[in-house]
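Before anything else, here's the structure in question.
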Amino acid sequence: MKFILASQNSHKLAEMQSILSAHGVEVVLQSEAGLHVEVEETGATFAENAMLKARAVMEASGLPAIADDSGVCVDALNGAPGVYSARYGGEGLDDVGRYKLLLENMRGAGSRTAHFTSAIACMFPNGDTIEAEGICPGTIAFAPQGDGGFGYDPVFFLPELRKTYAQLTPEEKAAVSHRGKALAVFDGKLRAYLEKQ
Ligand code: IMP
């Protein structure tokens with residue numbers, strides 16, 4: 001079974017592919033399928049945005065589409081950056097600029113607790129959908145550590161492992177991460193769906 005991933009993010013592709021390929025699911029970036037669909041993320045929740053992206057790519061390709069919408073929610077910042085994680089600080093910033101801004105905005109914060117959320121949505125050409133969500137609690141580190149992963153990984157600290165996401169191997173990250181958990185739920189729902197077909 002082949003899904004078009006409604007994203008340009010090759011890191012997300014790698015994380016999704018490594019988990020779903022074990023079950024015979026192939027995921028390809030929309031650009032590899034010759035698609036250039038830009039979706040405005042106007043939803044109020046991760047789940048809404050994930051479904052907006054999956055729908056747009058399914059409609060453009062006529063193929064099953066899968067999307068992940070994710071971000072980090074920081075308690076001391078009332079849940080920010082949240083669904084705006086990719087756009088935090090505006091267009092001019094890159095991943096490093098965004099996590100530096102987050103560290104700056106956390107200066108003097110009484111609590112550093114946070115969580116990452118991943119909402120996965122897929123839509124089939126017949127309109128059927130599958131949704132799954134995963135959450136990983138952690139804290140925002142005082143300084144970046146590690147050079148793996150992407151995005152906010154260097155500043156997302158897992159107290160039990162005493163490491164940031166960026167200090168984990170891809171396998172270690174998948175075992176505990178928001179996306180790993182969401183994909184495990186998704187995988188179960190997809191199998192049940194395919195068995196019914
Ligand atoms: P999206 O493409 O709209 O889902 O944007 C997600 C935002 O959250 C991007 O800025 C990513 O860098 C960040 N993000 C999502 N998942 C992760 C992750 O696993 N690690 C670090 N940052 C992430």
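Among 75, 69, which is of a type in the set (Asp, Glu), in contact with a Lys or Arg (Cβ under 9 Å, 6 or more places away or on another chain) and away from the ligand (no atom under 11 Å from the Cβ)?
75
Checking residue 191 against (1) assigned to a helix (DSSP H, G or I); (2) within 13 Å of the ligand (Cβ to nearest atom), only one condition comes out false. Which one?
Of everything listed in (1) assigned to a helix (DSSP H, G or I); (2) within 13 Å of the ligand (Cβ to nearest atom), residue 191 misses just condition (2).
Against the condition assigned to a strand (DSSP E or B), within 12 Å of the ligand (Cβ to nearest atom) and of a type in the set (Gly, Ala, Ser), how does residue 119 come out, does it pass?
Yes, satisfied.
Here is a further query. Just to be sure before I move on: is residue 107 within 11 Å of the ligand (Cβ to nearest atom) and either in a loop (DSSP other than H, G, I, E, B) or surrounded by 20 or more Cβ atoms within 10 Å (Cβ to Cβ) (or both) in the structure I sent?
no
I need every pair where a residue in the stretch 84-99 that is farther than 17 Å from residue 117 by Cα and modelled with pLDDT of 95 or more has its Cβ under 9 Å from the Cβ of a residue that is away from the ligand (no atom under 11 Å from the Cβ) and not in a helix (DSSP H, G or I), sequence separation at least 6 or different chains.
96/144
Ok, one more. Would you call residue 99 under 27 Å from residue 122 (Cβ atoms), hydroxyl-bearing (Ser, Thr, Tyr) and either within 13 Å of the ligand (Cβ to nearest atom) or touching a His at 6+ places or on another chain (Cβ under 6 Å) (or both)?
Spelling it out, it is not the case that residue 99 is under 27 Å from residue 122 (Cβ atoms), hydroxyl-bearing (Ser, Thr, Tyr) and either within 13 Å of the ligand (Cβ to nearest atom) or touching a His at 6+ places or on another chain (Cβ under 6 Å) (or both).
I've got another one for you. Output the qualifying pairs, or none if there are none: Cβ atoms under 8 angstrom, residues six or more apart or on different chains, first residue in the stretch 141-152 and touching a residue at least 40 places away in the same chain (Cβ under 8 Å) and within 10 Å of the ligand (Cβ to nearest atom), second residue part of a loop (DSSP other than H, G, I, E, B) and of a type in the set (Asp, Glu).
That search, which allows pairs on different chains as well, returns nothing.
Right, something else. Does residue 134 satisfy the criteria of being more than 16 Å from residue 6 (Cα to Cα) and free of Cβ contacts under 8 Å to residues at least 40 places away in the same chain?
no
In this structure, is residue 158 surrounded by 15 or more Cβ atoms within 10 Å (Cβ to Cβ), more than 14 Å from the chain's Cα centre (by Cα) and over 26 Å from residue 103 (Cα atoms)?
no
I would also like to ask the following. Taking the residues in the stretch 12-46 that are in contact (Cβ under 8 Å) with a residue 40 or more places away in the chain, surrounded by fewer than 18 Cβ atoms within 10 Å (Cβ to Cβ) and within 22 Å of residue 80 (Cβ to Cβ) as candidates, determine which candidate is farthest from the ligand (Cβ to nearest atom).
45
Here's something else I'd like to know. Working only within the stretch 100-131, note down all residues that are of a type outside the set (S, T, N, Q), in contact with an Asp or Glu (Cβ under 7 Å, 6 or more places away or on another chain), under 25 Å from residue 148 (Cβ atoms) and in contact (Cβ under 8 Å) with a residue 60 or more places away in the chain.
119, 120
If you don't mind, there's one more thing I want to ask. So which residues in the stretch 17-63 are modelled with pLDDT under 90, touching a helix residue (DSSP H, G or I) at 6+ places or on another chain (Cβ under 8 Å) and in a helix (DSSP H, G or I), if there are any at all?
Scanning the stretch 17-63 gives 18, 19, 20, 23.
Yes or no: residue 88 within 12 Å of the ligand (Cβ to nearest atom) and either aliphatic (A, V, I, L, M) or surrounded by fewer than 17 Cβ atoms within 10 Å (Cβ to Cβ) (or both)?
When the stated conditions are applied, residue 88 does not pass them.
The values are calculated or read from the model by the stated rules, or taken from the named source; none is laboratory data. What you are looking at is a predicted structure, and each value in this text was computed from that prediction instead of being measured. No Cβ is skipped: glycine too gets one built from the backbone with ideal geometry, and neighbour counts run over all protein chains shown.
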